[in-house]
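Visitor: Here you go, one structure.
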Amino acid sequence: MALLKASTFMPALKKQAVNPGTITLGLPSAFASAENVFKNIFRCRKKGQEFLGQVSVDSSAQQVKWEMFNEGYYDLFPCETSDVQESLQSRLLGQVAQLEHLPESHRMLVRSFLKECRAQARQAELELVEVPPVDERDLKAIYDRLNQEYFNGKVEARVEWGKNIKIPNRRSFSFGSYDSKNKLIRVHPRLKQDFVPVSVLELTVHHEMCHQAVPPVRRNGQWQMHHKDFKAKEKEYLHYREAMQWEKKHWIKLMAPAPE
């Protein structure tokens, strides 16, 4: 059982890349509420086996809890249980935060919880080793991390910056593109600029990766790129909502060419 509270969360000292499995949240009808507490039963499929768990969000106690009912789940991993719990928690609560029927107050609580846990994990790492400066806009690093976290490492593509076009756009421009023939992702260099949140850059890379993971389908005689399954996969990105909100508010600023 893993009952975690942001104020008592202890990150694993040794980080490992762990794929917790495929997580499926219960249907809206299975999402129960009692005053300020919301609960949802989730299923986690790993190595052909299915495990049950529960997540609850209590706005009055300002507490987020989750638990895996089947302790045998952790026996499937060769690493520390704490490493598995941390990866499962990140994936699980990321999906909970995207639930449409979750009240906004509870959504904010879940996101705050995840943010605090990650901050504590980062602080623990800094106390153990001196980390050299990291380029947070390193496309290859972003691609590799997203590939492990959201695609089980199955996306096979190259990623690079596109050409820096110096002519301003009037109405719109493409943040990124995916060349399926060459398996190549290109990202517009305007997203390198400091005023652009990293989440917007990450969502762009994630979006293009989705084109390979969830390919086009032919319906009513036409090929659909951004169909229902594609959009569902795209929304798995943890910061999808905030990145989209930023884009809607600041897209005009991106019409101007980026400085060299």
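Visitor: LYS248: which lysines have alpha carbons under 29 Å from its alpha carbon, excluding same-chain residues fewer than 8 sequence positions away?
Guide: LYS115, LYS140, LYS163, LYS166, LYS183, LYS192, LYS228, LYS231, LYS233, LYS235
Visitor: Then there's this: Evaluate the relative contact order of region 178-238 (contact order divided by residue number), counting alpha-carbon pairs under 8 angstrom at least 6 apart; express in whole percent.
Guide: Relative contact order for region 178-238 comes out at 27 percent.
Visitor: Normalised by the residues of region 105-260, what does the relative contact order come to in percent, with Cα pairs under 8 Å and at least six apart?
Guide: Reported as a whole number, the value is 22 percent.
Visitor: Taking the beta-carbon count within 10 Å as an exposure proxy, list SER112, SER60 from fewest neighbours to most.
Guide: Listed from fewest to most nearby Cβ atoms, that is SER60, SER112.
Visitor: With the cut-off at 17 Å, report for region 139-255 the share of all Cα pairs above it, as a whole percent.
Guide: Of all Cα-Cα distances in region 139-255, 57 percent exceed 17 Å.
Visitor: Relative contact order (percent) for region 39-157, with alpha-carbon contacts under 8 angstrom and 6 or more residues of separation?
Guide: About 15 percent, as a whole number.
Visitor: Once you put a point 7 Å from the Cα of GLU242 and another 7 Å from the Cα of SER112, both along the Cβ direction, what distance in nm separates them?
Guide: 1.4
Visitor: Work out from phi, with θ = phi - 60° and the Karplus expression 6.51 cos²θ - 1.76 cosθ + 1.60, the ³J(HN,Hα) of each residue of region 80-90, listed in order in whole Hz, and give x for Gly and Pro.
Guide: 5, 4, 4, 5, 5, 4, 5, 5, 5, 4, 4
Visitor: Run the numbers for ALA232 and LYS166: contour at 0.36 nm per residue of separation, minus the present Cα-Cα distance, in nm.
Guide: Gain on stretching ALA232 to LYS166: 20.3 nm.
Visitor: With +1 on each Lys and Arg Cβ and -1 on each Asp and Glu Cβ, how big is the dipole of region 139-255 about its Cα centre, in debye rounded to the nearest 20?
Guide: 520
Bear in mind that the values in this text are calculations on the coordinates, not laboratory data. Just so we're clear, the structure is a prediction, and the values are computed from it rather than from any experiment. So basically every Cβ, Gly included, is an ideal-geometry build from the backbone, and we count neighbours across all protein chains shown.
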